[in-house]
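Everything on this sheet refers to the single structure shown next.
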Amino acid sequence: MAQSKVPAPTQVLCVEDDPILMLAMIEFVENAGCEAVEATSVAEAIGILETRTDIRTVFTDLDMRGSTAGMRLAVAIRDRWPPIELVMISSQPWDASQIPARGVVLGKPFDRRKIEATIRRFAV
Amino acid sequence: MSSTIPPLVTDPARLSALDGYAILDTPAEPGFDDIVQLACRLCATPVALVSLVAGERQWFKARVGFPHCETDLNSSVCAHALAQPDDVLIIPDLTLDPRTAENPLVTGEPFIRFYAGAPLRTAAGMVLGSLCVIDSVPRPDGLSEIQASDLQALARQVMSQLELRRAVMDRDAQRAVEARAFHSRDALRDTQAALTATTGDLDTLLQAIVSGAMRAMPAAEGGVIELLDGTELEYRAAQGSLAARLGLRVPLFASAACHCVMSGAPYLMTDAGSDPFVKRDLVATLQLGSAVLAPIRRGTSVLGVLKLQSPRSCAFDARDLALLDLFAGAATAALAEAAAQAEIRAQDTYWRGLFDRLNEAFQLNEVIRDDAGEITDFRILEINPAWARQIGIPANQVVGATASHLFGDVAPEWITDFGQVVETGEAWRFTRQFAPNGNWYEGTAFKLDGDRFGVIFLDVTARISSEARRTALLSLGDQLRDLTTIADMTHAGAEIVGRTLGATRAGYGRVEGDVEAVIIEPDWTAPGQASVAGRHRYDDFGNIRASLLQGEALVVNDVTCDPRTVADAARWLGFDIAALVHMPVRERGRTVAVFIVHDVKPRVWTTEELAFLRNVADRVEVGVARVRAEELQTVLNYELAHRLKNTLAIVQSIASSTLRGVTEREPVEAFERRVLALSRAHDVLMQKSWTAARMRAVMESVLTMQADLDRFAIDGPDLDISPQAALSLSLLLHELATNALKYGALSAGAGKVRIAWRTEEGSAPTLVLDWNELGGPAVAAPSGRGGFGSKLIRMGLMGTRVANLSYDPIGLRAEFRAPLAEIQVQVH
């Protein structure tokens, strides 16, 4: 768990429509030494990605309202912003073949160690 | 006076000899007349007589000059001539002779006075009478010696005449007997020939016998056979004077026929008037003078009586009686023959009737061989009515036809199998489908004489079909139980329906709206048939919605005839549909789906077939409902799992945020991980809808949170455990692994944990779980009461608190026990 010092923290876009879960996600991002950017909907997340170029990682919940919204976002990101890393959390079983390349899905409830380790890995 | 008559007169031997000539009371004959003429002239007397002396009279065969043809013996002089067989009796003056002085013919008219008689002596010396000459005046000189000698000579001439006459008479009588015997034999022979030739009924035979007997015995004027029937005699074949009595029934009582039946012997009734067996008052009515009766016997019993009768008495004699017995014998034969024939006819009729009424079809056949003697075909020689009914080919097309002609392509297999029966002589039982009509037949083929064989069989299509339907339903039940998707179930149902009913297409379709359209799922089709899967509008196919709207089956036997489909028949036929059934599947009173069966040929859908289809539809409906319920349950389970896990994430988040101010982060993380361990147990449980979990899966899922699974040696029988046990086991293993990671075996690179479990049988079966750490640093028992983790460990499995913890220097050794009944889930 070697931690390298970076001058500017990695920007991680957290996409979550549940405010309480958003709190936990921000904590994971910050514990991983990154800086969280918040989006409470897929549309907002797309808007941010279209306007900002410093987002290295998108950390999104797949269980948002509209059920498949999170997955559609993930697919859209891989399509439009291929370099961006994807960390996803889900309460449902997922089909590995549908997960965009390099994407990591982690289950709920949270396994803090794995989540923080993954975000940290992508931030390097 | 009578004392003067010599005793010789009544000598039986003499009278018998006289009878032998049968001369008394016969008409005059020239031979005798000539002799008395000569005697008169010879002796110059006015009277000459051939006088025959019987027992109580004398009778004159020839006479001259005497008015009477006979006299009593008191008036007889000749009687005295008997006493001197060798000499001529000469009485010169009858008034002077004591033997004749008182003779009425002497004392009164015609006052005879002179008598000379030469005895009529047979060769045996019997004197029958005399040739005598009589004068009305005494002749003191009697006869001259020459006259006397000549008179004796004439007397011998009389005897010669008598002998000659008797010889002729005997010859004629003999001839008459012979003629009569010949006639009788003729009649008997003709009768027997008639009986043999007659194939008619019994009465015809009896008629021949009666008429034959009457011809043999011309004296008979009436004839009848009286057949015994119970206690009555019935007049059969009555002819002649008895013809009017045909059919008469008389009680077997007080009659000659009755006597004949009872005695079993022929009976000659010479004179009805004095017969002991005839009722006197009937004699006149019956015009009965005499009769002959002969019993008709069979073995020791008597069947009846053959009777001939005449209005005259003494019309029959013993010969007639014997002859009649022969005819009675012929009657016995005729009755036996008639009975035998009747029995044969009855049996023939019986068997023929049985044959005709038989439910089983029967055919009589003969194999056809080629030049090499191999059986190549067979010909049907005879069939019964059931055959034509069951096979459906009229008898006139079948009898005499060959199998290959009648049955075409399917003939060879039958020719082979029937041929085998003829060759081996072993009967063959078969249950086989007959391709030309598709029906099933069960029967037996058996060899008869030579190249002929019989086949008897029954149409068992209904039974076979019924068995096939039952088997199909069982098979469907099995398939439905194992299938998990609606599409698989409906397709399985369609295939079973199609195959079982021998249809060309079967499918399942969801009905849209108010039976407006049907969306047919991938259907089953017979080879060569196209699928009709897809959406079809009912109104495009005729006026066929009504029955389905009411929840009743749409059944069309022939689209070209059914008024609902005839207008759109071409459209139906375009889909290769000539007959169809849509069996509705109902849900809450609405038709929501249909089971569809098509046939390329018109067919009559039987009640049994429709019931079968209804049954399949119902079963599929139940199966579909079960799958739907399971699918819904699965959705609910996933939804619940999803919400639970999301909620646990929120709980983690709340805890983390709430404890943000706590600088010691370890308890927060410990809390988070316990929630995680709990959730892992839920994941495993969800795979079995929260009814059970596999023990090993629960363990692996929790342990993998802490370390790679290769750090653990997991060994024990995989059990289905209850949800409570899964949660308890998860939390226990989580705490043990956490501790091992912190202080125990897992904290060192080479350390390992061996987890083993077993069940112990006994009055209370127990699960025993061992946790043994190896290769870690030396451990010691934690001081104090410890935290929540230690408490969880001490509570053991299922809160039993049966936890033996041993802090060995080489590593923790722990044993946990819990009642198996609380851990295990009985698999149902």
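The values are calculated or read from the model by the stated rules, or taken from the named source; none is laboratory data. Fair warning: this is a prediction, and the values are worked out from it, not measured in the lab. Neighbour counts are summed over all protein chains in view; Cβ atoms, including those assigned to glycine, are modelled from backbone coordinates with ideal geometry.
Can you tell me which residue in the range B:244-253 is modelled with the lowest pLDDT, limited to those that are among the aliphatic types (A, V, I, L, M) and surrounded by 14 or more Cβ atoms within 10 Å (Cβ to Cβ)?
B:252
Taking the conditions exactly as written (closer than 22 Å to residue B:650 by Cα, within 14 Å of another protein chain (Cβ to nearest Cβ) and over 13 Å from the mean Cα position of the chain (by Cα)), does residue A:26 satisfy them or not?
No.
Would you point out the residue of the range B:79-101, among those that are touching a Gly at 6+ places or on another chain (Cβ under 7 Å) and modelled with pLDDT of 85 or more, that is surrounded by the fewest Cβ atoms within 10 Å (Cβ to Cβ)?
B:92
Hey, can you tell me all the residues within the range A:40-60 that are closer than 22 Å to residue B:642 by Cβ and either not in a loop (DSSP other than H, G, I, E, B) or not hydroxyl-bearing (Ser, Thr, Tyr) (or both)?
Hits for the range A:40-60 are A:42, A:45, A:58, A:59, A:60.
Exactly one condition in (1) within 13 Å of the chain's Cα centre (by Cα); (2) within 25 Å of residue B:651 (Cβ to Cβ); (3) away from every other protein chain (no Cβ under 13 Å) is not met by residue A:69; state its number.
Looking at each condition in turn, residue A:69 falls short on (1).
Go through the range B:388-486 and tell me which strands (runs of 3 or more DSSP E), entirely inside it, have 3 or more residues that are aliphatic (A, V, I, L, M) and farther than 30 Å from residue B:632 by Cα.
Output list reads B:452-459.
Acidic (Asp, Glu), surrounded by 12 or more Cβ atoms within 10 Å (Cβ to Cβ) and within 19 Å of the chain's Cα centre (by Cα): is that true of residue B:360 in this structure?
Answer is yes for this residue.
Confirm whether residue A:63 is part of a helix (DSSP H, G or I) and either within 12 Å of chain B (Cβ to nearest Cβ) or without any contact (Cβ under 8 Å) to a residue 40 or more places away in the chain (or both). Steps first, answer last, please.
Values: part of a helix (DSSP H, G or I): no; either within 12 Å of chain B (Cβ to nearest Cβ) or without any contact (Cβ under 8 Å) to a residue 40 or more places away in the chain (or both): yes.
In short, no.
Restricting attention to the range A:90-124, report how many residues are within 11 Å of chain B (Cβ to nearest Cβ), touching a residue at least 40 places away in the same chain (Cβ under 8 Å) and outside any loop (DSSP other than H, G, I, E, B).
3
For the subset of the range B:653-684 comprising residues that are surrounded by fewer than 18 Cβ atoms within 10 Å (Cβ to Cβ) and of a type in the set (Gly, Ala, Ser), which member is farthest from the other protein chains (Cβ to nearest Cβ)?
Restricting to residues being surrounded by fewer than 18 Cβ atoms within 10 Å (Cβ to Cβ) and of a type in the set (Gly, Ala, Ser), the top hit is B:661.
Count, please, the residues in the range B:121-164 that happen to be of a type in the set (Asp, Glu) and part of a loop (DSSP other than H, G, I, E, B).
Result for the range B:121-164: 1.
One residue is enough: does the range B:491-498 have a residue meeting the conditions under 39 Å from the mean Cα position of the chain (by Cα), among the small types (Gly, Ala, Ser) and under 18 Å from residue B:614 (Cα atoms)?
no
Kindly indicate which of B:573, B:549 is out of contact with any strand residue (DSSP E or B) (no Cβ under 6 Å at 6 or more places or on another chain), without any contact (Cβ under 8 Å) to a residue 24 or more places away in the chain and surrounded by 13 or more Cβ atoms within 10 Å (Cβ to Cβ).
On the way: B:549 fails: without any contact (Cβ under 8 Å) to a residue 24 or more places away in the chain.
Sole residue among the options that is out of contact with any strand residue (DSSP E or B) (no Cβ under 6 Å at 6 or more places or on another chain), without any contact (Cβ under 8 Å) to a residue 24 or more places away in the chain and surrounded by 13 or more Cβ atoms within 10 Å (Cβ to Cβ): B:573.
Out of the range B:306-330, which residues are part of a helix (DSSP H, G or I), modelled with pLDDT of 85 or more and within 44 Å of the chain's Cα centre (by Cα)?
The answer is B:326, B:327, B:328, B:329.
Just to be sure I understand, how many residues within the range B:720-772 are assigned to a helix (DSSP H, G or I), of a type in the set (Lys, Arg) and at pLDDT 90 or above?
Residues meeting the conditions: 0.
Residues are listed down the side, and each one gets a yes or a no for (1) aliphatic (A, V, I, L, M); (2) at pLDDT 90 or above; (3) buried (at least 20 other Cβ atoms within 10 Å of the Cβ):
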position: A:40; (1), (2), (3): no, yes, no
position: A:46; (1), (2), (3): yes, yes, no
position: A:51; (1), (2), (3): no, yes, no
position: A:70; (1), (2), (3): no, no, yes
position: A:74; (1), (2), (3): yes, yes, yes
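Under 8 Å by Cβ, and 6 or more places apart or on different chains, what pairs join a residue from the range B:633-649 that is more than 7 Å from chain A (Cβ to nearest Cβ) and more than 17 Å from residue A:21 (Cα to Cα) with one that is of a type outside the set (Ser, Thr, Tyr) and not in a helix (DSSP H, G or I)?
The qualifying pairs are B:637/B:690; B:641/A:92.
Just for the range B:183-201: of the residues that are at pLDDT below 80 and surrounded by fewer than 19 Cβ atoms within 10 Å (Cβ to Cβ), which one is farthest from the chain's Cα centre (by Cα)?
B:194
Looking at (1) modelled with pLDDT of 85 or more; (2) closer than 18 Å to residue B:315 by Cβ, can you tell me which one residue B:174 breaks?
Looking at each condition in turn, residue B:174 falls short on (2).
Matching residues to (1) touching a Phe, Trp or Tyr at 6+ places or on another chain (Cβ under 9 Å); (2) over 26 Å from residue B:671 (Cα atoms):
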{"position": "A:8", "(1), (2)": "no, yes"}
{"position": "A:24", "(1), (2)": "yes, no"}
{"position": "A:42", "(1), (2)": "no, yes"}
{"position": "A:55", "(1), (2)": "yes, yes"}
{"position": "A:65", "(1), (2)": "no, yes"}
{"position": "A:92", "(1), (2)": "yes, no"}
{"position": "A:96", "(1), (2)": "no, yes"}
{"position": "A:103", "(1), (2)": "no, yes"}
{"position": "A:112", "(1), (2)": "yes, no"}
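Taking the conditions exactly as written (farther than 19 Å from residue B:287 by Cβ and surrounded by 18 or more Cβ atoms within 10 Å (Cβ to Cβ)), does residue B:207 satisfy them or not? So that I can check it myself, show each step before the final result.
Working: farther than 19 Å from residue B:287 by Cβ: yes; surrounded by 18 or more Cβ atoms within 10 Å (Cβ to Cβ): yes.
Here the answer is yes, as residue B:207 does meet what is asked.
Going residue by residue through the range B:607-624, is there one that turns out to be over 60 Å from the mean Cα position of the chain (by Cα) and either surrounded by 13 or more Cβ atoms within 10 Å (Cβ to Cβ) or more than 10 Å from every other protein chain (Cβ to nearest Cβ) (or both)? Show your work before the answer.
Within the range B:607-624, the first condition is being over 60 Å from the mean Cα position of the chain (by Cα), and the residues that meet it are none.
No, the range B:607-624 has no match at all.
Among the listed residues B:511, B:515, identify the single one that is buried (at least 16 other Cβ atoms within 10 Å of the Cβ), in a loop (DSSP other than H, G, I, E, B) and either in contact with a strand residue (DSSP E or B) (Cβ under 7 Å, 6 or more places away or on another chain) or touching a residue at least 60 places away in the same chain (Cβ under 8 Å) (or both). Write out each step before concluding.
On the way: B:511 fails: in a loop (DSSP other than H, G, I, E, B).
None of the other options fit; the residue is B:515.
Just for the range B:748-788: of the residues that are surrounded by fewer than 18 Cβ atoms within 10 Å (Cβ to Cβ) and of a type in the set (Asp, Glu), which one is farthest from residue B:819 (Cα to Cα)?
Step by step, filter the range B:748-788, then rank; the result is B:770.
Which is farther than 27 Å from residue B:687 by Cβ and in contact with a Pro (Cβ under 9 Å, 6 or more places away or on another chain), of A:33, A:47?
Being farther than 27 Å from residue B:687 by Cβ and in contact with a Pro (Cβ under 9 Å, 6 or more places away or on another chain) holds for just one of A:33, A:47, which is A:33.
For the range B:252-265, indicate whether the set of residues that are more than 16 Å from residue B:302 (Cβ to Cβ) and in contact with a strand residue (DSSP E or B) (Cβ under 7 Å, 6 or more places away or on another chain) is non-empty.
no
Give B:155, B:167 a once-over and let me know the one that is surrounded by 15 or more Cβ atoms within 10 Å (Cβ to Cβ) and either within 22 Å of residue B:50 (Cα to Cα) or touching a residue at least 60 places away in the same chain (Cβ under 8 Å) (or both).
Unique residue meeting the criteria: B:155.
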